[in-house]
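Student: Input: one structure, supplied below.
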Amino acid sequence: MADAIRVASVVRTFGAVRALDGLDLAVRAGEILGLLGPNGSGKSTLIRVIVGLLRPSSGTVVVLDERMPSRRVAARIGYMTQSAALYEDLTARENLIFFGRLYGLSRSEAKRRAAELIDRVSLSEKADVPVNRLSGGMRQRTNLACALIHRPELLLLDEPTVGIDPKARRGLWDYFYRLHGEGATIVVSTHIMDEVERCHRVAMIEQGRIIALGTPEELRRAAGAATIEDAYLAFSGGAAAMAIGGAGA
């Protein structure tokens with residue numbers, strides 16, 4: 001399987017608003033792809049279309065060799081939303097075990113994975129506190145852990161480190177690389193520039209279209225920019241989308 005995700009000519013409208021405007025994107029199996037763009041550019045809508053929560057108004061989406069939406073691939077995907085999708089009256093640990101069981105893990109495996117992830121996302125001191133008493137950052141960590149509980153082969157992360165301190169954020173990215181080393185494909189939406197630099201490739205999005213696609217180094221070089229932020233500003237001034245070095249294929 002050359003591509004984990006292939007999005008072709010996808011349009012998604014909300015009334016008169018075209019959130020995605022004929023967007024094309026191929027995500028290679030086993031890569032970490034970053035989505036970079038301002039609020040309202042279409043990043044979250046694209047992720048929700050890929051995961052099957054939104055149907056495209058037109059165009060096609062193929063995920064893990066299945067035309068979406070397909071329940072057959074749901075158990076192979078991990079999805080972390082911007083807003084924590086947790087049961088408020090359960091503890092962080094109980095949420096993890098619940099989602100693990102929902103994904104088909106045995107109770108003992110769900111407990112083991114919960115303990116592993118609690119340590120990984122630095123939740124140990126708050127693991128047995130009800131979610132409604134956790135800070136925003138702790139909720140975000142719990143939300144991420146729930147997306148990872150079943151060891152998905154495709155992980156979709158929508159602003160995964162918002163509200164997380166720099167030390168914990170670095171630990172999470174170390175874990176993302178570990179997942180990548182185990183064969184996972186990761187798509188991450190972020191506004192944090194050093195996180196963009198950690199991605200294998202970056203898709204820059206504006207007004208529902210990909211305006212540039214390539215490695216961080218390729219994008220900086222093509223834009224004649226010293227930073228990825230400056231590269232985005234340079235590309236966003238142009239009308240045409242650009243794939244660097246055949247990176248869109």
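Student: Exactly one of these conditions fails for Ser108: (1) loosely packed, with under 15 Cβ neighbours inside 10 Å; (2) over 29 Å from Asp65 (Cα atoms); (3) within 23 Å of the chain's Cα centre (by Cα). Give me its number.
Tutor: For Ser108, the exception is condition (3).
Student: Are there any pairs, at least 6 apart or on different chains, whose C-beta atoms fall under 8 Å, with the first in segment 198-216 and part of a strand (DSSP E or B) and the second polar (S, T, N, Q) and open to solvent by 10 Å² or more (accessible area, probe 1.4 Å), and if so, which?
Tutor: Arg201/Thr215; Val202/Thr215; Met204/Ser236; Glu206/Ser236; Ile211/Ser236
Student: Right, something else. From the residues in segment 116-133 that are more than 26 Å from Val51 (Cα to Cα) and under 23 Å from the mean Cα position of the chain (by Cα), which one is surrounded by the most Cβ atoms within 10 Å (Cβ to Cβ)?
Tutor: Here the answer is Leu123.
Student: Have a look at Gly246, Gly224 and point out the one that is modelled with pLDDT under 85, loosely packed, with under 14 Cβ neighbours inside 10 Å and not polar (S, T, N, Q).
Tutor: Gly246
Student: Check segment 72-94 and report whether any residue there is of a type in the set (Gly, Ala, Ser), more than 27 Å from Arg48 (Cβ to Cβ), surrounded by 15 or more Cβ atoms within 10 Å (Cβ to Cβ) and in contact (Cβ under 8 Å) with a residue 24 or more places away in the chain. Step through it out loud before you land on a result.
Tutor: To start, the set of residues in segment 72-94 that are of a type in the set (Gly, Ala, Ser) comprises 74-75, 78, 83-85, 92.
Now narrow it down to the ones that are more than 27 Å from Arg48 (Cβ to Cβ): none.
No, because not a single residue in segment 72-94 is of a type in the set (Gly, Ala, Ser), more than 27 Å from Arg48 (Cβ to Cβ), surrounded by 15 or more Cβ atoms within 10 Å (Cβ to Cβ) and in contact (Cβ under 8 Å) with a residue 24 or more places away in the chain.
Student: Next question, about the same structure. Of everything in segment 164-197 that's assigned to a loop (DSSP other than H, G, I, E, B) and under 23 Å from Gly42 (Cβ atoms), which residue is most open to solvent (accessible area, probe 1.4 Å)?
Tutor: So in segment 164-197, the residues assigned to a loop (DSSP other than H, G, I, E, B) come out as 164-165, 182-184, 190-192.
Cutting the leftovers down to under 23 Å from Gly42 (Cβ atoms) gives us 190-192.
Working: Thr190: 2, His191: 76, Ile192: 53 Å².
Looking at the filtered set, the residue picked out is His191.
Student: Now, a different point. Do we have Arg55 as in contact with an Asp or Glu (Cβ under 8 Å, 6 or more places away or on another chain) and more than 18 Å from Leu155 (Cβ to Cβ) here?
Tutor: Judged against the criteria, Arg55 is not a match.
Student: Kindly establish whether Ile97 is more than 19 Å from Val27 (Cα to Cα) and either open to solvent by less than 30 Å² (accessible area, probe 1.4 Å) or among the hydrophobic types (A, V, I, L, M, F, W, C) (or both).
Tutor: yes
Student: I'd like the residue in segment 43-71 that is open to solvent by 40 Å² or more (accessible area, probe 1.4 Å) and out of contact with any strand residue (DSSP E or B) (no Cβ under 6 Å at 6 or more places or on another chain) and, out of all such residues, is modelled with the lowest pLDDT.
Tutor: Filtering segment 43-71 for residues that are open to solvent by 40 Å² or more (accessible area, probe 1.4 Å) and out of contact with any strand residue (DSSP E or B) (no Cβ under 6 Å at 6 or more places or on another chain), the one modelled with the lowest pLDDT comes out as Pro69.
Student: Can you pull out every residue in segment 1-36 that is within 23 Å of Glu218 (Cα to Cα), open to solvent by 70 Å² or more (accessible area, probe 1.4 Å) and without any contact (Cβ under 8 Å) to a residue 60 or more places away in the chain?
Tutor: Ala2, Arg6
The values are calculated or read from the model by the stated rules, or taken from the named source; none is laboratory data. Because the structure is predicted, anything quoted here is derived from the model rather than measured. Cβ coordinates were reconstructed from backbone atoms using ideal geometry, including for glycine residues, and neighbour counts include every protein chain displayed. Quick note on the areas: whole protein, heavy atoms, side chains included, nothing else; ligands and nucleic acids left out. Shrake-Rupley method; radii C 1.70, N 1.55, O 1.52, S 1.80 Å.
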